[in-house]
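The values are calculated or read from the model by the stated rules, or taken from the named source; none is laboratory data. Computed from a predicted model, the values in this text were never measured in an experiment. We place every Cβ from the backbone using ideal geometry, glycine too, and count neighbours over all the protein chains shown. Protein only, heavy atoms only, side chains kept; ligands, DNA and RNA dropped before computing areas. Shrake-Rupley method; radii C 1.70, N 1.55, O 1.52, S 1.80 Å.
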Amino acid sequence: MGKDEHDKPKTDAAIKAALGRLRLPIAAVLVLLAILVGWDGWHQGVAGRAQATVASEGARLQKIEQNLLTEIVAHFDQAASAPAVVAAVSTGDVPAATRAFERQWSDGKTVKFLTTDLKDAYADPKRFGFGRLAVLNSTQRHGVSRVGVARVDGQPRLVVAGAVKQGGETKVLALVDLPIDDARTPVTAANPGSGFVALSFHGYDVAVAGDRAVVSLGDNRQLDVGDSGFVIRTSSPQPAASLFGADPIVDYVLAALLLAGGFALLKFGARLAEAGAGGEPGAELTVAEQAAAEAAAAATTAAPKVEVKTAPKPAAVAISREIFRAYDIRGEVGKNLDASVARLIGMAIGTVMQEQGLRDIVVGRDGRTSGPEMVNALIDGLRLAGREVIDIGQAATPVCYFGAFNLRTGSCVAVTGSHNPPDYNGFKIVLGGDTLAGDAITDLYARIAEDRLYKSTTQGGLQQRTINADYVQRIAEDIQLERKLKVVVDAGNGVAGLIAPEVLEAIGAEVAPIFCEVDGSFPNHHPDPSEPKNLADAIQMVQRLEADIGLAFDGDGDRLGVVTRAGEIIFPDRLLMLFAEDVLSRNPGACIVYDVKCTGHLAGHILGHGGSPLMWKTGHSLIKAKMKETGAELAGEMSGHFFFKERWYGFDDGIYAAARLLEILAARPETADEIFAELPKGFSTPELKVPMEGGDAHGFVEKFREQAKFDGARVSTIDGVRADWPDGWGLVRASNTTPVLVLRFDADSPEALARIHNAFREQLLAVQGGLALPF
């Protein structure tokens with residue numbers, strides 16, 4: 001017998017012995033797997049039953065609440081259309097109308113009648129109630145009676161509003177407050193098992209039942225109660241995914257097979273162990289080791305030196321009053337702005353800081369070719385005034401603002417020409433947390449003109465810092481997208497191209513950048529997203545790449561423009577509606593500030609979502625000051641400035657606003673076009689500009705304010721003249737940056753828009769007959 005034949009029995013015995021020794025650990029693993037799979041099946045079954053219970057309760061409550069609202073509206077409409085009510089309203093006999101209304105509907109004791117312009121409500125909206133006003137706006141907008149929720153004397157009540165008509169013409173609006181218990185009781189009495197149900201109205205929970213903790217990790221659904229604005233929200237435990245992607249029955253069968261396998265192995269393994277007990281173990285196999293030496297050379301290549309060619313220095317320019325504007329300082333380099341002027345501005349800012357006891361200040365600049373010269377001169381002036389300067393280099397304006405918070409200086413200057421042509425530059429200034437505007441800006445000019453500048457005996461220090469990474473990290477810690485979105489980013493060769501793509505990638509977006517190379521000559525298109533022609537490239541790229549959304553920034557990154565795959569430009573006032581919905585869902589009752597150029601639908605939308613709308617003057621500095629005064633959580637301008645106080649710092653930041661927009665879009669399954677289609681949209685004009693001969697736009701507006709009459713409109717004169725009708729509005733104001741009139745119109749229909757155009761045309765030409773109007 002050969003050696004191999006002699007060794008074979010020993011080898012077989014060794015193998016059997018080894019398998020016998022392994023039977024216990026393998027069987028234990030199989031049993032543990034069986035327990036795990038069985039538990040998974042049981043868990044899925046429990047969660048499935050919980051989901052079914054919650055879904056059933058949600059559907060039942062949806063039907064009950066729908067029937068209740070239908071019944072309320074039917075009673076209201078019956079009372080509002082009663083001949084005695086209509087007759088009393090037509091003669092102006094409000095007491096008789098109130099008595100007649102109550103006779104028709106016993107629950108209508110609290111009825112109030114208001115004129116269609118809602119003058120009394122808007123006279124003091126806080127006292128009247130923003131919630132009531134929202135329901136009245138809603139009934140005007142939809143043309144039918146509406147039910148909502150409002151706080152009355154500090155307590156939530158159901159509110160129903162509708163029109164009292166005669167011959168199809170609305171004579172007055174009627175408003176009734178009702179107890180909310182009828183809407184609450186079905187929900188509070190519900191039994192959602194281990195889930196959660198709620199009746200909500202525009203983010204306010206009217207009534208809830210069940211375990212609210214389920215909402216954070218559960219399967220959340222929403223059932224609309226008609227088109228009332230009420231919804232039934234349901235949340236049920238989210239089942240863990242099956243280990244094998246199977247349903248509970250398959251899990252149970254698999255668990256049984258694993259158990260059977262484990263017990264069989266124990267029995268079979270025992271026999272193997274007995275059979276191999278007398279054998280000699282074979283030699284253990286060895287695994288040959290491979291030795292691989294891998295050399296890595298770290299090569300560092302020095303960045304190539306770039307030769308900067310400087311143009312010959314022009315003669316110094318005289319200080320000019322006209323560059324000190326309403327919101328900031330801005331001028332044309334070589335004409336009314338140069339290094340000598342920038343140095344004086346630095347000294348003037350340093351003088352104010354000295355008087356206020358402020359020492360440290362952050363300075364940054366955008367990508368304009370004049371930026372290095374302007375910022376160096378500004379820093380010289382600040383240091384001459386004894387200020388300690390932190391130079392963050394080339395940075396978007398919001399990054400400069402962020403630096404004032406992050407580096408704890410409270411003060412900063414962004415050297416930027418914003419969206420102006422390449423040969424412009426300027427200064428946006430924050431001192432001690434306040435953005436300089438109006439008189440504070442002109443005071444800087446007065447200090448320079450009167451030579452009231454502080455010069456320190458000791459020059460201030462200078463240090464260079466880079467904070468872009470801190471800015472990106474701060475936003476990424478706050479925002480992470482629930483699903484990946486493909487986003488086109490067009491920076492227009494402005495400084496936002498340095499950081500906006502990085503921010504959006506850090507929060508989870510797939511970014512396709514165009515014109516993100518910083519080039520102060522703006523060779524592709526002007527970096528002003530408020531002009532539709534500047535968004536053409538973004539629209540084309542979004543459609544070509546089938547991206548989810550397109551984002552565009554202005555020259556210094558503090559303004560945002562948005563386009564969709566359908567080629568629609570989403571105006572900033574409609575973006576503000578979406579932002580307001582989101583902020584108010586967590587901050588009911590919050591104040592939302594917007595400028596006079598925003599759509600008339602915005603106030604109603606904010607009211608409808610439980611917020612407090614406040615219209616204010618145009619201008620980023622003025623808006624920030626109003627936010628600080630009112631404690632507003634959010635603000636926005638038609639120009640594309642957005643100011644988030646909630647979760648952010650309250651300054652205008654187009655890049656952060658873009659991140660918040662993507663957060664909202666990624667949390668919903670619909671496309672961006674579908675989401676924006678849900679927002680109110682009228683027939684509107686962009687900003688129309690009328691040049692003024694002689695440059696006295698403000699003088700013209702003063703005359704217009706005194707002479708113009710708009711029948712049936714609610715007129716606001718906080719910034720120019722704005723007239724609001726129930727179906728549209730118009731505005732004329734003087735620009736604070738150029739000698740032009742700015743006009744804008746918005747209406748619910750083309751016919752209403754034409755009527756408002758005619759009303760304004762007549763009034764404008766009555767003040768100055770030779771105006772060349774673009775409408």
Please tell me which of these pairs span more than 25 angstrom C-alpha to C-alpha: 681/703; 533/681; 533/626?
-> 681/703; 533/626
For the range 377-421, list residues with backbone N below 18 Å from a point placed 7 Å from the Cα of residue 458 toward its Cβ?
-> 382-390
Rough spin-label spacing in nm, given labels placed 7 Å along Cα→Cβ, for residue 629 and residue 449 = 2.5 nm
Pull out the extension gain between residue 165 and residue 99, defined as 0.36 nm times the separation in residues minus the alpha carbon to alpha carbon distance; nm, one decimal.
-> 22.0 nm
For residue 219, distant residues with modelled amide H under 5 Å away | 236, 238
FRET efficiency (residue 189, residue 74; Cβ distance; R0 25 Å; to 0.05) is 0.55
Are there GluC sites (Glu not before Pro) in the range 669-769 that DSSP marks as loop and that have at most 13 other Cβ atoms within 10 Å, and which are they?
-> 670, 678
Describe numerically, in nm with one decimal, the distance between label points set 7 Å from Cα along Cα→Cβ at residue 647 and at residue 442.
-> 4.1 nm
Within the range 181-204, backbone nitrogen closer than 16 Å to the virtual label 7 Å beyond the Cα of residue 213 toward Cβ = 193-197
What net charge is computed for the residues neighbouring residue 132, neighbours being all others with C-beta under 13 Å from the C-beta of residue 132, Lys and Arg scored +1, Asp and Glu -1?
-> +2
Ranked from the most accessible area to the least, with a 1.4 Å probe and all protein chains present, what is the order of 374, 541?
-> 541, 374
Rh (Kirkwood; distinct C-alpha pairs) - the range 84-167, Å = 13.5 Å
How many angstrom separate the Cα center of the range 60-84 from the Cα center of the range 734-775?
-> 43 Å
By accessible area (1.4 Å), largest first, 447, 103, 408 order as 408, 103, 447
So what's the gap between the Cα centers of the range 609-647 and the range 90-166, to the nearest angstrom?
-> 29 Å
Sequence-distant residues sharing a close amide H with residue 653 (under 5 Å, placed H) = 642, 644
On the full set of protein chains, 1.4 Å probe, figure out the accessible area of residue 457 and give it in Å² to the nearest 10.
-> 140 Å²
Ignoring ligands, DNA and RNA, what accessible area per residue does the range 599-739 give at 1.4 Å, in Å²?
-> 37 Å²
The correct ranking of 98, 618 by accessible area at 1.4 Å, largest first, is 98, 618
Only residues of the range 600-620 count here: report those whose backbone N is under 11 Å from the spot 7 Å along Cα→Cβ of residue 718, or say none.
-> 613-618
Which residues' amide hydrogens lie under 5 Å from the amide hydrogen of residue 195, considering only partners 5 or more residues apart or on another chain, with H built in the peptide plane?
-> 211
Roughly how many percent of the accessible protein surface of the range 484-568 is carbon and sulfur, given a 1.4 Å probe and a whole-percent answer?
-> 44 percent
How many nm is it between the label spots at residue 205 and residue 766, if each spot is 7 Å from the Cα in line with the beta carbon?
-> 5.4 nm
